[in-house]
Amino acid sequence: MWLESHAGLGPLPGLFPDLAALRAAPPAKLWPVADPDLRWLDDLNPAQREAVTYGEGPLLVVAGAGTGKTRTLAYRVAYLVAQGAPPERILLLTFTRRAAEEMLSRAEGVLRRAGDVRGRAWGGTFHATASRLLRLHGQAAGLSPDFTVLDGGDAEDLLGLLRHELGLASRDRRFPRKATCLAIYSRAVNGTEDLSTVLARHFPWTAAWEDELRTLFRAYVDRKKRLRVLDFDDLLLYWREMVADPALARELSAQFDHLLVDEYQDTNRLQAEILRGMRIGNDNVTVVGDDAQSIYRFRGATVRNILDFPREFPGARIVALEENYRSTMPILRTANALIAQARERYTKNLWSPRERGPRPLLVACRDERAQDEFVVGEVLARYEAGVPLRNQAVLFRAAHHTASLEVELARRGIPFRKYGGLKFVETAHIKDALAFLRVAENPRDELAWFRILELLDGVGPVTVSRALAHLAQHGHRPEAIAFFSGPSASREDLERLGKLLAELRGDLPLPAQVERVRRFYEPLLTALYDHAPARLRDLESLEVIASGYSSRRSFLADLQLDPPESAADLAGPPHLDDDWLVLSTIHSAKGCEWDAVYLIHAADGFLPSDLATGSEEEIEEELRLVYVALTRAKTYLTVTWPLRYAYRRWGAADAHGYAQLCRFFTPAVRETMEEGTAGGDVGTPSEGHGVTRFDGAARIRARWG
Ligand code: ATP
Ligand code: MG
């Protein structure tokens, strides 16, 4: 049972009634709502209003998908401000920057309607907030304020470098790869398990390397300190260290009157400790979450945070929301039947007053091509019937599952945006461009130096090491690179680089800095990469986004921490007539909703992913993932799966090349759905599929008129 794996968690049946008993406690400290200025509270149902208008103290909202948890938080921010709380003393923690921005503008919208417009609350992810707070208070914890942040790729590279330096890479038996090293490190620092337990439980094949891993991690921590860089985990670790110090914890706690957290089920132990430490002498904290939607266990998230909340914050009020405002009842029936397979959950079945609506469709497609054609046909049919593309989303388990669909969309000229794949700032050319700015910001950032110098002709790791020594001898002044004696092919570039860095460290406005970098980098990019014109356009987008920032430091921090999902996100708000179809991984679809949702590749091996079927816990998490996908739909839900794949993948196809329907669509779930086929003759499905034969496409189309 997945919940029991968390160390120290008592028998579950004991815990859930605890929460249930607390929920029944009498309402505490409610403020009156007679005020005519608060008429906007009528937008809420009584339970939501209770949460929104709850007075001082800890508050936990545990509720299912689409019951208005996020809306309740946004209204609560508005309410607190309306009650006189200074916005800049409110901190809202969300899972993505997009979510924070949306919620804060929703709160502002509510206040504007009431004629009350004041400043903005603090909002963002835990990591972005950590970065801001560490710049302000980090010196007390021994941090230099000019630290730069390493993204996952940089952190891996640094571990790779140290692995070599320590001679671990050349042992007889294979030492774990750099990506595995980072995963182990991250798991160990984010959870409550020590290294031995992490290895035994999650990475058993690496257990023999425990001593070496410990040495590696020690070197990693030391090197980061010397380079004045922090990785993502460090942001949280330093934050926790700050709140572990009583004086600093008091100071930080005093900075905020109210803390609010969305998606609490996906926070980890470290984040819970931070939250606790941020509430010294003031326990105004609101968290909302849904245990059935916990999908980040692989990153150390634990649903225990929800269960433990009343214990961490004694006297917590618990509010349950039960009415779903998002989906029609037929969609909820399918979602309820699906999540009924979960071994343990706290939130109840969902219900909606929207009784009527089409039943969700389960469509067996002849093959992947048929699936692409079917989905595109459906999207267009709905578009013709008045549902804009951007109110429709195609969801999938892994980013590469849409390769052929993207080709089909491009062929048919349908604009789309993809979320959750390779992010804009993770592309090589953007990382290169940012490396120049990082060096200007923090001349000790060796990883950024590596990136830049290796772009130059004839420069390899050995030359870079010499260059770094040269810089150290010259007091880490980046412009000193101009007179480093590198290979002759690179001399001219080194001089230009020195000049560029000197300029960047002058008083150029940020967009001009980005423009200088672009001009320096353009010829290198054209020589090194394919698709140069598209990449150059991305660099221009980078200039546009830079114009929104007053400091290089906050620009870099934002891009590293809350990267925009795609280059298109950088181009500012879309024009009203812009319309595009959303393609998103299920993980990135968290908290979102669309009129029409298409869940594709609902075949075992894809969903659940064959990488996540090792243990029962992993399978449970995949089940919750499917639940998250289904509960994104407001009116139309379509689930498709190809019966055959063009080539066989391990786990995805049986000996005849047939796929198996995703195991979570049991007969009980399918009873709530309408089934059909696409792609003409679907051949002979393997045993157990039980696909009903009728012309699904024709029936489906008929319904949209
Ligand atoms: P998830 O678990 O998926 O994050 P959620 O519980 O956060 O969902 P919201 O996104 O806040 O739910 O709300 C779902 C939808 O229901 C939104 O479109 C929201 O505007 C709408 N909604 C919520 N409460 C009400 C209400 N009282 N009246 C009308 N619409 C509501
Ligand atoms: Mg939400």
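The values are calculated or read from the model by the stated rules, or taken from the named source; none is laboratory data. This is a predicted model, so every value here is computed, not measured. FYI the Cβ positions are ideal-geometry reconstructions off the backbone, even for glycines, and counts take in every protein chain you see. Areas reflect the complete protein model, heavy atoms only, side chains present, ligands, DNA and RNA absent. Shrake-Rupley method; radii C 1.70, N 1.55, O 1.52, S 1.80 Å.
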Problem set entry | Charge dipole (the chain, unit charges on Cβ, about Cα centre) - positive-most of Pro509, Leu158, Ile430 | Pro509
For this session: Please report the relative contact order for the chain, taking Cα pairs under 8 Å with a sequence separation of at least 6, and give it as a percent rounded to a whole number.
Result: 18
Problem set entry | Additional length obtainable on full extension of the chain from Glu56 to Ala668, 0.36 nm per residue less Cα span | 215.8 nm
Seminar exercise, completed: Asserting the computed 222 nm helical MRE of the chain (DSSP H runs at least 4 long, -39500 (n - 2.57) per run, divided by residue count, to nearest 500) equals -14000 deg cm²/dmol
Exercise. Rounded, prolate or oblate: which fits region 149-227 when a ≥ b ≥ c are the square roots of the eigenvalues of the alpha-carbon gyration tensor, with rounded for a/c under 1.5 and prolate only if a/b beats b/c?
Worked result: oblate
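Please compute the net charge surrounding Glu406, taking Lys and Arg as +1 and Asp and Glu as -1 over other residues with Cβ under 13 Å from its Cβ. Intermediate values should be presented prior to the final figure.
Numbers: positive: Arg411, Arg412, Arg417, Lys418; negative: Glu368, Asp372, Glu408.
Net of charged neighbours comes to +1.
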Exercise. Can you list the residues, at least 5 places off or on another chain, whose amide H is less than 5 Å from the amide H of Gly605, using H built in the peptide plane?
Worked result: Asp610
Problem set entry | For the chain, with +1 on Lys and Arg beta carbons and -1 on Asp and Glu, the positive-most of Gln371, Leu275, Thr631 along the dipole | Leu275
For this session: Calculate, for region 149-227, the solvent-accessible area per residue in square angstrom, rolling a 1.4 angstrom probe over the heavy atoms of the protein chains.
Result: 50
Seminar exercise, completed: To the nearest 20 debye, region 149-227 has a Cα-centred charge dipole, built from +1 on Lys and Arg Cβ and -1 on Asp and Glu Cβ, of 80
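Suppose every Lys and Arg Cβ carries +1 and every Asp and Glu Cβ carries -1, with no other charges. What dipole size does region 58-112 come out with about its Cα centre, to the nearest 20 debye?
Computed charge dipole of region 58-112: roughly 100 debye.
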For this session: Distance between Cα centroids, region 430-460 to region 499-541: provide it in whole Å.
Result: 12
Seminar exercise, completed: In nm, the gap between the two label points placed 7 Å beyond Cα toward Cβ at Ser144 and Glu101 is 3.2
Exercise. Between Ser488 and Leu380, what FRET efficiency comes out of the Förster formula 1/(1 + (r/R0)^6) with R0 = 45 Å and r the beta carbon distance, rounded to 0.05?
Worked result: 0.15
Seminar exercise, completed: Pairs over 19 Å Cα to Cα, from Lys225/Lys499; Lys590/Lys634; Lys69/Lys348; Lys69/Lys634, come to Lys225/Lys499
Problem set entry | Under 12 Å, Cβ to Cβ, from Thr215 - net charge with Lys/Arg +1 and Asp/Glu -1 | -2
Exercise. From the residues Thr640, His601, Thr94, which one has its Cα farthest along the dipole of the chain in the positive direction, the dipole being from +1 and -1 charges on Cβ of Lys/Arg and Asp/Glu about the Cα centre?
Worked result: Thr94
Problem set entry | Dipole moment magnitude, nearest 20 debye, the chain about Cα centre, only Lys, Arg, Asp, Glu C-beta charged | 300
Exercise. What's the extension gain from Glu344 to Ala208 if we count 0.36 nm per residue and subtract their Cα-Cα distance?
Worked result: 45.5 nm
Exercise. Ignoring any ligand, DNA or RNA, what whole percent of the accessible area of the chain comes from carbon and sulfur when the probe is 1.4 angstrom?
Worked result: 52
For this session: Find out how many positive minus negative residues lie around Arg535, taking Lys and Arg as positive, Asp and Glu as negative, among other residues whose Cβ is under 11 Å from that of Arg535.
Result: -3
